[in-house]
Amino acid sequence: MVSKGPLLRLLTAINRRRMKLLMGLAFVAYVASVWGNFVNMRSLQENGDQKVESKIEEAVAPLREKIKDLEKRKRNVEHWIGHENFELINHDVVEPLYIEVDQIYHLASPASPPNYMYNPIKTLKTNTIGTLNMLGLAKRVGARLLLASTSEVYGDPEVHPQNEDYWGHVNPIGPRACYDEGKRVAETMCYAYMKQEGVEVRVARIFNTFGPRMHMNDGRVVSNFILQALQGEPLTVYGPGTQTRAFQYVSDLVNGLVALMNSNVSSPVNLGNPEEHTILEFAQLIKKLVGSGSEIQFLSEAQDDPQKRKPDIRKAKLLLGWEPVVPLEEGLNKAIHYFRKELEYQANNQYIPKPKPARMKKGRTRHN
């Protein structure tokens, strides 16, 4: 029989070894865990840094474009700076504006599909809240307001050519709706203020316009084609190219806006060139005028792209004595000359603009 004293000592020694072993294993596990967490944290930090840098770049890239746009816009009016009758105010029309004026030309809104579809909420705010603010200003100071509306209020028209009595064919939930419906609501606001508050309003429904000082990479067909032709890149046609447009030169539009503002015509008036061309014909014309060897590339049709567009300008002729006078080729040559100079300027500043792509047509969701 073994006494209890040695047995207890033996068991105690075994337990001590077991405890040491367990503590050793626990320590190794702890070290492994800490090291693993350190490695994971380091990996997370590195990935996090990359993600943060990526997010910063995403945020900064549009700002760089904004700065370039602002620089370009400033150059667009630099020849007026210092003139006694000119003052440049940097203001967002979504916020109220308090100034003293006699006439308001309310032209605020992005007008090219890539631009207005990029931020549809801001586009809606500009055309609704911005229009309310301008109408409020007109009411306060007794000014006359001219709204730069658009042929887009006609949507993809079922009437051709489009006259001012046509109500339009617009998809209210499509990708272009922020602009189309924004302008339609803006027109409604103008006539509500005219009827209820006695504000004098003029509404110009502007069709495709082009000329010098337009944004080279704004994504519209004229700037896209000229830029692509000058750079030797394919001219991108969305869809078959059979859709039609009517293009007016900028000086014709300005003359029409001034005539409308100073007239007694309060109902909407079309301002555009009734000379109709298919997009494919237009691409071929620009190739010829530029002297470019660029190919024509056909891409998927953009969703809700109007198939026909031609203004009926009988009202403008009769009531304003206005019609376009600048031939298409003459206006295009002036725009091409400007684009060439602008490309040289931007190349010297190490910035080459690229045309913005239109939104591709996607499968439409069926709504029951």
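In whole angstrom, region 173-271 maps to an equivalent ellipsoid with semi-axes of 32, 18, 11, each derived as √(5λ) from the alpha carbon gyration tensor and ordered largest first.
Near the amide H of Thr236, within less than 5 Å, lie the amide hydrogens of Gln297, all on another chain or at least 5 residues away, with H placed in the peptide plane. Multiplying the residue separation of Leu299 and Glu78 by 0.36 nm and removing their Cα-Cα distance gives an extension gain of 75.7 nm. The fraction of accessible area contributed by carbon and sulfur in region 70-195 is 54 percent, rounded to a whole number (1.4 Å probe; ligands and nucleic acids excluded). For region 154-270, the solvent-accessible area works out to 37 Å² per residue, with a probe of 1.4 Å and every protein chain left in place. Modelled spin labels at His169 and Ala108, positioned 7 Å past Cα toward Cβ, are 3.4 nm from each other. Cross-link partners of Lys125 among aspartates and glutamates, defined as those whose alpha carbon lies under 12 angstrom from its own and excluding same-chain residues fewer than eight positions apart: Asp92, Glu95, Glu181. Here the spin labels are modelled as points 7 Å beyond Cα on the Cα-Cβ line, and at Glu275 and Glu87 they lie 4.1 nm apart.
Along region 113-125 the Karplus relation, 6.51 cos²θ - 1.76 cosθ + 1.60 evaluated at θ = phi - 60°, assigns HN-Hα couplings of x, x, 6, 6, 7, 5, 9, x, 5, 5, 4, 4, 4 Hz to successive residues, with x for each Gly and Pro. Put simply, region 86-237 fits an ellipsoid with semi-axes of 29, 20, 14 Å; these come from the alpha carbon gyration tensor as the roots of five times its eigenvalues, largest first. For a 25 Å ceiling on Cα separation, which of these pairs sit above it: Lys139/Lys183; Lys183/Lys315; Lys122/Lys317; Lys183/Lys310; Lys310/Lys334? The answer is Lys122/Lys317.
The values are calculated or read from the model by the stated rules, or taken from the named source; none is laboratory data. Source: prediction; values computed, not measured. Positions of Cβ are generated from backbone atoms using ideal geometry, with glycine treated the same way; all protein chains shown enter the neighbour counts. Each accessible area value is taken on the protein alone, full model and side chains, heavy atoms only, with ligands, DNA and RNA left out. Shrake-Rupley method; radii C 1.70, N 1.55, O 1.52, S 1.80 Å.
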